Each structure stands twice: as C-alpha cells, then as structure tokens.
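Input: a single structure, listed below in structure tokens.
The values are calculated or read from the model by the stated rules, or taken from the named source; none is laboratory data. As the structure is a prediction and not an experimental result, all values here were calculated from the model. So basically every Cβ, Gly included, is an ideal-geometry build from the backbone, and we count neighbours across all protein chains shown. Surface areas here come from the heavy atoms of the whole protein model, side chains and all, with no ligands, DNA or RNA. Shrake-Rupley method; radii C 1.70, N 1.55, O 1.52, S 1.80 Å.
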Amino acid sequence: MQRPSSNMPEFQLLAAKSKYIVVLSGAGISAESGIPTFRGAGGYWRTYQATDLATPEAFKRDPSLCWEFYHYRREVVLSKKPNAAHEAIAKAEAVLEKQGRKLIVVTQNIDGLHQSAGSKNVVELHGSLFKTRCTKCQAVEVDRNSPICEALRDRGAPDVDAVATRIPTEQLPRCSKCSGLLRPHVVWFGEQLYPDVLNEANRHLENCDLCLVIGTSSVVYPAAMFAPQVASRGVPVAEFNIESTPHTMDFGYYFEGSSSQTVPQSLEKIFSEQE
Ligand code: BJW
Ligand code: ZN
C-alpha cells in the first residue's frame, strides 16, 4: 500500500481548486483551545473515563453524576475560544461561498466552537452541549445558561475527592413544558444518530470533491467510516492529526502535527487567491 503524501504545496493547490469541501472534525481540533479529548491522558473526569459517562446506562444509573459531568464540560467550553484551525475553516467557508463554492463542517464535537468561529454550515453528528432533550416529551431546547440550574452551581469539579452527594432528581434540569427530567441532547454509545442529521452528513459526503479529517481517533462509528467511504470513491482525503490512526493508510494525504498550525496552512491558497 502507498504511504499517504505530506506534500503541502500540492494539497494547497487541490484545496484552492475544489468546489465542495467537507471537513470532518473530532476532539483534537479543540484540544488547543483547552478542551480535553476523549481518549488519552485528558479523557478522565474524577475517576471516570469520559466515555464511560457517555452512555444511556450511566445517565439512568446516576443522572446527578452524569449532569455534573456535562455541567462541568459546558462551563469549561463557555470559558474557551476557537483556535486558528476553527478560524481558518470558517474563513475558508466564507471565501468559497462568495465564489459559489461550498465548505461544510461535519463534526463529532458537541462544543460549538466551529459556530463560535463563524462557520455556518455545521452538521453536529453527536449533538450539542448547549441543547437539552426532555426524557418525557422529547422536546429539544437550546440552553446556554450558566449554570444550567441552581442545584448544579459550583458542582462538577473534576477533582477525584470532589463532593459525592447526589442532587435529587427534581432539582436537576427540568422541562419547561412538561417538567420531565432533561438530558443533554447528545448521542451516547449504543444510541442511533439522529436520522435527519445522518442523512444530511451522507448527502455532503456523497457530493464532496475534497475531504479534510481533523483531530479524530477514527474509532467511533459511524463517523469513523465517513472518510474511508469518501476515499473509496477516489476523492482526495487529507488527515490532520498529531498521530496516525487506524485509517491513515486509506488516505492520500497525512499532515502530522497540531491542527492549529497545519489546517490554516493547508487552506492558505484559498485565502491568497481571493486577494
Ligand atoms: C490532535 C490534536 C491536535 C489531539 N491537533 N489532532 C461498528 C463497529 C464497531 C462498533 C460499532 C459499530 N457501529 C456502532 C458501534 C458502536 C459504537 C462504536 O463506535 N463503538 C466503538 C468505540 C467501537 N457506536 C455507537 O454506539 C454510535 N451509535 C450507533 O452507531 O448506533 C447504531 C448501533 C448501535 C450499537 C451497535 C451497532 C450499531 C454512537 C456513537 C456516539 C459517540 N458518542 C460520543 C459522546 C458524545 C457526547 C459527549 O461528548 O459526551 O462522541 S463518544 C466520544 O467519541 C464522542 C466523540 O465525538 C467520539 C469520537 O471521539 P474523537 O472526536 O475521535 O476524539 P478522541 O479523543 O478519540 O481523539 C482525538 C484525536 O485528536 C486523537 O487522534 C489525537 O491524536 C488527536 N489530537 N490533539 C490534531 N492538537
Ligand atoms: Zn418535556
């Protein structure tokens, strides 16, 4: 099998010519904004692996613990800013749009940093930290309040010895319509992705003529198969990561390093041709 190329000038030309770019992003793109990734050293909260709390069983077993975890993550994200990778992607979208071309972000992240950077075409595969869903009437609401409810104020500290008392369920976030218990509007392991979101992502993946895969370990399905599917159509795919992944060898390009450096560089020619 041929090794992926790391020829940046060649990729920059390709990006400058493309008409329909899809950016697939994962937690690594936000790492340099100070948001921990899932896998690896930063993926712990108290004694829990973050992925162990991202399940419907964890919420059912202990909604208070689960809400503390998500409340903590909401507060962290509210204190952070998009980095140069998010910003370059948003700027490229705006430049391309003026020229009748497209750039779409399909993200596994729930932090909203692409939108904060100005990206408009964002498909959130795994939901959002700033949306809730009622476990009773299923209503979905946007909620950026800090804290999300009084009982969670000053809770959610990540330290191992943090207060372990449970918040009574009635004091956790509740639905404004039916008073049912709210949950984060995110996709946990074993849950289906929202069909309309998945269809929208697939439509872009089928139509794109260039794909950038940024900061994802590519182990969580179905997102992990998106870029390999695009590559199997013969469309160029470039991976941006600080380390290789199970799919690196499926792609035409691999740019090793921090995405806040490699991604803006890779889109430079889109910006310079506009001037
Ligand atoms: C940098 C960097 C820098 C760092 N610059 N890079 C087929 C086969 C096997 C299993 C399955 C399958 N189909 C479904 C499954 C089950 C399961 C699954 O995939 N399991 C695998 C773990 C094996 N999938 C599901 O359950 C999905 N549902 C589904 O498919 O329904 C149908 C079905 C169900 C059951 C069985 C079969 C079918 C739902 C998946 C939902 C994932 N949810 C989470 C939580 C969301 C809410 C929350 O955030 O709390 O999504 S889990 C977590 O992982 C989160 C992330 O979006 C996702 C991916 O993680 P990501 O973004 O890749 O982060 P990391 O940390 O893994 O990687 C960071 C990367 O960045 C690393 O590579 C670093 O090197 C890099 N990096 N700094 C560039 N500066
Ligand atoms: Zn409700």
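Observations, loosely collected:
- The distance separating the Cα centre of the range 215-275 from that of the range 124-149 comes to 30 Å.
- Structure remark: mean-square fluctuation, Gaussian network model of the chain, C-alpha springs under 10 Å; the largest value among Glu200, Glu239, Glu87 belongs to Glu200.
- For the chain, the longest principal axis of the C-alpha atoms and the axis of helix 195-207 are separated by about 10°.
- Between Asn7 and Cys178, the distance separating the two model label sites (each 7 Å from Cα on the Cα→Cβ line) works out to 5.8 nm.
- Approximating the spin labels as points 7 Å out from Cα along Cα→Cβ, the Val140-to-Asn207 distance works out to 2.0 nm.
- Site pair Lys80 and Ile242 shows an inter-label distance of 1.2 nm when each label is modelled 7 Å from Cα along Cα→Cβ.
- Mean residue ellipticity at 222 nm, helices only, the chain: -10000 deg cm²/dmol; runs of at least 4 DSSP H residues each add -39,500 (n - 2.57), and the sum is divided by the number of residues.
- Fully extended contour minus Cα-Cα distance, from Glu273 to Ala16, at 0.36 nm per residue: 91.7 nm
- Largest accessible area first, the listed residues Arg133, Arg74 line up as Arg133, Arg74 when surface is computed with a 1.4 Å probe on the assembled protein chains.
- Efficiency of FRET between Gln261 and Ala164 - r from beta-carbon atoms, R0 35 angstrom, step 0.05: 0.30
- Too-long pairs where the Cα-Cα distance tops 18 Å, listed order kept, from Lys17/Lys120; Lys81/Lys102; Lys80/Lys269; Lys91/Lys269: Lys17/Lys120; Lys81/Lys102; Lys80/Lys269
- Sites Ala41 and Ala94, calculated FRET efficiency, Cβ-Cβ separation with R0 35 Å, nearest 0.05: 0.50
- Ordering of 115-123, 153-161 by burial proxy (mean other Cβ atoms within 10 Å per residue, highest first): 115-123, 153-161
- log10 of Debye I(q)/I(0), alpha-carbon scatterers only, for the range 57-138 at 0.12, 0.15, 0.25 Å⁻¹: -0.46, -0.65, -1.21
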